[in-house]
Amino acid sequence: MQDRHIIALDLDGTVLRHGFEGAGDHAAGGIIDPELAAAIRTLHESGHEVIVSTGRSVDATLPIVERLGIRPEWVVTANGAVTLKRDPLGTRGYRREYVEAFNPADALLKIRPQLATAHFSVELADGSFLYTKAIPAGTLPANQRQVEFEDLLGVQAARVIVFSPDYRVEEFLTAIESLGLTHVSYAVGTSSWLDIAPDGVTKASALEVLRSRLDINPAHVFAAGDGRNDIEMLEWAGRVGVSVAMGQAVDEVKAAATHVTATAEDGGLLRSLRERFPVLLGA
């Protein structure tokens, strides 16, 4: 397919309605508009590389992919730390093709004194999940085990989650910004929720690996998202392609995109896909 595109789609607040923003979403399901699902299937079946790109764990992502009725070759999870490749012999038809892992000890030890009452958790490179206090369910792995804080130090983590319900978002942002975290990538959601990934690992970094591997022209990239964890992806896509921020996104997310559409509730993604691919979907 000569004009094959990568179509990178965030889930919560973009494909899914009634979710919270990006890394901080706790909704297990969410609503998928039937017209949007049909449009995504049309694009996938026409030969475009539709790539779900989410902060969710693998376990929380693949059921949504199945609900969309597609079988994409690639799926990006854990904010870029875990990339799946379609494999009939793998779990739910996918295997872990690329996994970026790091030792989270330095970041955790720096954060804990500032957020002593926070809930700390780690998604391990194999997909299992360790936590000190319960994290809201929905975007997390099914394989979970409660441990002491010290047990999180020295493991190989695909991502770290810090959930602090005792803090307002503004207080949480101030506390995180004061830490001067280095050698990690992180994103803060609209709830008091922090996602930490290995240094330099984002949705954008994972998608660029796939774009290069698939040999797709950078101008043939479309990405849509609504959260702070989508900023790098929107900037990456928008350099020569098209990136769309959802209407409910905060200003810094909108500033990272080439276009701003309507909210997820008002069908913003479907509108943008129809504008970008009018021949397939109708303007």
Residue satisfying all of: in the stretch 217-254; within 22 Å of S192 (Cα to Cα) and assigned to a strand (DSSP E or B); nearest to the chain's Cα centre (by Cα) among these: G225
Conditions (1) crowded, with 24+ Cβ neighbours inside 10 Å; (2) without any contact (Cβ under 8 Å) to a residue 60 or more places away in the chain: number failed by W74: (2)
Residues of the stretch 195-228 classified as closer than 15 Å to K254 by Cβ and touching a Phe, Trp or Tyr at 6+ places or on another chain (Cβ under 9 Å), total: 2
Exclusive hit being in contact with a Leu (Cβ under 9 Å, 6 or more places away or on another chain) and within 22 Å of G13 (Cα to Cα), set A206, A224: A224
Residue match in the stretch 195-208 (condition: modelled with pLDDT under 90 and in a helix (DSSP H, G or I)): no
Filter result (of a type in the set (A, V, I, L, M, F, W, C) and either out of contact with any Asp or Glu (no Cβ under 9 Å at 6 or more places or on another chain) or surrounded by 15 or more Cβ atoms within 10 Å (Cβ to Cβ) (or both)) within the stretch 256-283: A256, A257, V260, A262, A264, L269, L270, L273, F277, V279, L280, L281
Hits in the stretch 119-135 - residues which are more than 15 Å from R56 (Cα to Cα) and either of a type outside the set (D, E, K, R) or part of a strand (DSSP E or B) (or both): H119, F120, L130, Y131, T132, A134
Count - residues of the stretch 255-276 that are more than 22 Å from E49 (Cα to Cα) and either free of Cβ contacts under 8 Å to residues at least 12 places away in the same chain or part of a helix (DSSP H, G or I) (or both): 2
Odd one out for E171, checked against (1) surrounded by fewer than 16 Cβ atoms within 10 Å (Cβ to Cβ); (2) in contact with a Lys or Arg (Cβ under 7 Å, 6 or more places away or on another chain): (2)
Residue that is nearest to N229 (Cα to Cα), among those in the stretch 66-92 that are part of a loop (DSSP other than H, G, I, E, B) and either among the hydroxyl-bearing types (S, T, Y) or modelled with pLDDT under 95 (or both): A81
Test: residue in the stretch 88-107 that is free of Cβ contacts under 8 Å to residues at least 60 places away in the same chain, surrounded by fewer than 19 Cβ atoms within 10 Å (Cβ to Cβ), in contact with a strand residue (DSSP E or B) (Cβ under 8 Å, 6 or more places away or on another chain) and farther than 29 Å from L152 by Cβ: yes
Residue match in the stretch 39-57 (condition: in the same structural domain as V209 (by TED's automatic domain parsing), hydrophobic (A, V, I, L, M, F, W, C) and at pLDDT below 95): no
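Could you say which residue among A204, A219 is surrounded by fewer than 19 Cβ atoms within 10 Å (Cβ to Cβ) and out of contact with any strand residue (DSSP E or B) (no Cβ under 7 Å at 6 or more places or on another chain)?
A219 is the lone residue from the list that is surrounded by fewer than 19 Cβ atoms within 10 Å (Cβ to Cβ) and out of contact with any strand residue (DSSP E or B) (no Cβ under 7 Å at 6 or more places or on another chain).
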Residues satisfying the stated conditions in the stretch 37-65, i.e. part of a helix (DSSP H, G or I) and among the β-branched types (V, I, T): I40, T42, V58, T61, I64, V65
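The values are calculated or read from the model by the stated rules, or taken from the named source; none is laboratory data. This one's a predicted model, so the numbers in the text were calculated from it and none came from an experiment. Every residue, glycine among them, receives a Cβ derived from its backbone with ideal geometry; neighbour counts consider all protein chains shown.
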